[in-house]
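First up is the structure itself, then whatever we jot down about it.
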Amino acid sequence: MTNLVTFDNQFLKKFINDEEYDNFQSTAQNAVEQLIDGSGAGGTETKWLNLPNDYDAEEFTRIQSVAKKIQNDSEVLIVIGIGGSYLGARAVIEYINGTNYNLTANRDGLPEIYFVGNTTSAAYQQEIINIIGDRDFSINVISKSGTTTEPAIAFRFFKKLAEQKYGDQAKDKIYVTTDSQKGALKEVAAKNDYETFVVPDRVGGRYSVLSAVGLLPISVSGIDIDKLYAGARLALGDFNVESDSVKYAITRNILYRQGFNIELFNGYEPRFQYIFEWLKQLFAESEGKNNRGIFPTAAIFTTDLHSIGQFIQEGRKIIFETVLNIKKSSMDEIIPSGDNVDQLAYLEGKNLSFITNGAMIGTINAHISAGVPNIKLDIEDDEARTLGYLIHFFETSAAISGYLNAINPFNQNGVEVYKTNMFKILGKPGY
Ligand code: PA5
């Protein structure tokens, strides 16, 4: 076992006993076997599991060379997509490069990256068009179905912008990531001779970050996707019924059966923000069905301890927490000396990581003393390789957790209901 991500159960002792774990063992064994052999619910959609070993090598190399081309000919990359077609890329880029990536990108000679097509807000779209200004830009439009309304509308606007600026050469600035065979976007790409990348068959949107869906924008931002893949490969190698991703899935299900219906992901780094957005989608769309499921939400600590912290401590006991703890951060700062008017002399010379750790352990103990179970996941470091491991770890956890709760973790029929209503209201033919 490489265990770049480990499950720490020390704060669960008063909430879960060994018998509760034992009761889940045979169900978990079945779930793991079903995921591996594809015999479980939605088993045709599990190709993401082996992607780290099976991914098309030609496509992987082409992603890296197109990323270099975009870095050389564009100051801005516009990524058009919604849900699983953008959250993974944004999560990786902002976690590795920082939440202020766009403010530092130019300094490092890299394109700024903006995500559109994930809202119908005219104000947001106008803001991004203004940010591009008269600078060179490329577009990566991503949609597995090729028919999702929000990105399709955004593509109309940004395609037009590219055609106005580049004329016939616009086709050299537009990259399409979509299904290999079907869909409106596939047709548009063929008609306009756009370079295309494939959302692999049998890989659903929220499980697609380690395909071209995530890899092209991630690579444009300067992140080494070989390292990301190396970590995912290690996680795949570690995956079995004894692995920590399965222990984590079992633990969530035990807590759920005890009445803890909400999982609050938290961590002490603002750069977790989009990792949490990706996790919210991964778990909510995978598990929230048949009137069952854990509701995933997230907070950045210590920031949010000064807002929702009060509820966690003293509010209704429906929440359990999953704390993401980076063990060795690549960055640290020492608290400088000063006069002691601020009464901080006792911290002089100490690292910020020391304060962070104190805040985390203090918070976990405060919350468990109030009856809020805490799962701690230790993440070895903040390198791309470990992030690749973390991504695969959570994907397998979500799938296994779904099987433990007897649902199909790979469909999302519930999302169609708002779309049908919206299409009726907007007058789409056939609705
Ligand atoms: O996980 C999923 O499958 C969804 O969230 C999709 O990613 C999202 O709806 C976007 O779909 P598409 O890529 O077909 O535009």
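Brief remarks follow.
- Residue that is touching a strand residue (DSSP E or B) at 6+ places or on another chain (Cβ under 6 Å), more than 13 Å from the ligand (Cβ to nearest atom), of a type in the set (Phe, Trp, Tyr) and assigned by TED's automatic domain parsing to the domain that holds Ile63, where the choices are Tyr175, Tyr124: Tyr175
- Any chance Leu305 is part of a helix (DSSP H, G or I), without any contact (Cβ under 8 Å) to a residue 60 or more places away in the chain and of a type in the set (A, V, I, L, M): yes
- If the condition is being among the polar types (S, T, N, Q), in contact with a helix residue (DSSP H, G or I) (Cβ under 9 Å, 6 or more places away or on another chain) and away from the ligand (no atom under 16 Å from the Cβ), then region 262-297 contributes Asn266, Gln273, Thr297.
- Only residues that are away from the ligand (no atom under 14 Å from the Cβ), surrounded by 15 or more Cβ atoms within 10 Å (Cβ to Cβ) and in a loop (DSSP other than H, G, I, E, B) were counted across region 105-121, and they come to 2.
- Test set (1) under 23 Å from Asp224 (Cβ atoms); (2) within 16 Å of the ligand (Cβ to nearest atom) - Ala399 fails condition number: (1)
- Those residues of region 379-431 which are charged (D, E, K, R) and assigned by TED's automatic domain parsing to the domain that holds Asn253, in sequence order: Glu380, Asp381, Asp382, Glu383, Arg385, Glu395
- Restricting attention to region 173-186 and to residues that are in contact (Cβ under 8 Å) with a residue 40 or more places away in the chain and out of contact with any helix residue (DSSP H, G or I) (no Cβ under 6 Å at 6 or more places or on another chain), the residue that is farthest from Gln71 (Cα to Cα) turns out to be Gly183.
- Here Arg90 qualifies as surrounded by 17 or more Cβ atoms within 10 Å (Cβ to Cβ) and among the basic types (Lys, Arg).
- Any hit, region 322-336, residues being assigned to a helix (DSSP H, G or I), more than 20 Å from Leu12 (Cα to Cα) and in the same structural domain as Thr251 (by TED's automatic domain parsing): no
- Out of Asn102, Asn140, sole residue that is over 20 Å from Val415 (Cβ atoms) and away from the ligand (no atom under 16 Å from the Cβ): Asn102
- In this entry, Arg252 is excluded by the filter for residues that are under 24 Å from Gly358 (Cα atoms), buried (at least 19 other Cβ atoms within 10 Å of the Cβ) and of a type in the set (Lys, Arg).
Table: residues versus (1) among the charged types (D, E, K, R); (2) assigned by TED's automatic domain parsing to the domain that holds Asn253; (3) within 27 Å of Glu383 (Cβ to Cβ).
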site: Asn17; (1), (2), (3): no, yes, no
site: Glu20; (1), (2), (3): yes, yes, no
site: Ser26; (1), (2), (3): no, yes, no
site: Glu33; (1), (2), (3): yes, yes, no
site: Gly38; (1), (2), (3): no, yes, no
site: Ala57; (1), (2), (3): no, no, yes
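- Residues that are more than 23 Å from Ser208 (Cβ to Cβ) and touching a strand residue (DSSP E or B) at 6+ places or on another chain (Cβ under 6 Å), drawn from region 262-282: Ile262, Leu264, Asn266, Gly267, Pro270
- Matching residues in region 308-321 - criterion: being under 28 Å from the mean Cα position of the chain (by Cα) and either assigned to a strand (DSSP E or B) or of a type in the set (D, E, K, R) (or both): Lys317, Ile319, Phe320, Glu321
- The C-beta contact set for region 262-286 (first residue over 14 Å from Ser397 (Cβ atoms), second residue within 16 Å of the ligand (Cβ to nearest atom) and among the acidic types (Asp, Glu), distance under 9 angstrom, 6+ apart or interchain) is empty.
- Taking region 193-217 as the range and being over 19 Å from Ser65 (Cα atoms) and within 10 Å of the ligand (Cβ to nearest atom) as the test, the residues that pass are Val203, Gly204, Gly205, Arg206, Tyr207, Ser208.
- Applying the set (1) more than 22 Å from Arg206 (Cβ to Cβ); (2) among the hydrophobic types (A, V, I, L, M, F, W, C); (3) in contact (Cβ under 8 Å) with a residue 12 or more places away in the chain to Ala123 leaves exactly one unmet item: (3).
- Scanning region 264-294 for residues being basic (Lys, Arg), under 19 Å from Gly83 (Cα atoms) and outside any helix (DSSP H, G or I) gives a total of 1.
- Residue in region 143-168 that is nearest to the ligand (Cβ to nearest atom), counting only those that are more than 12 Å from Ile80 (Cβ to Cβ) and more than 28 Å from the chain's Cα centre (by Cα): Lys160
The values are calculated or read from the model by the stated rules, or taken from the named source; none is laboratory data. All values derive from a computational prediction rather than experimental measurement. Here the Cβ is made from the backbone with ideal geometry for all residues, glycine too, and neighbour counts use every protein chain on show.
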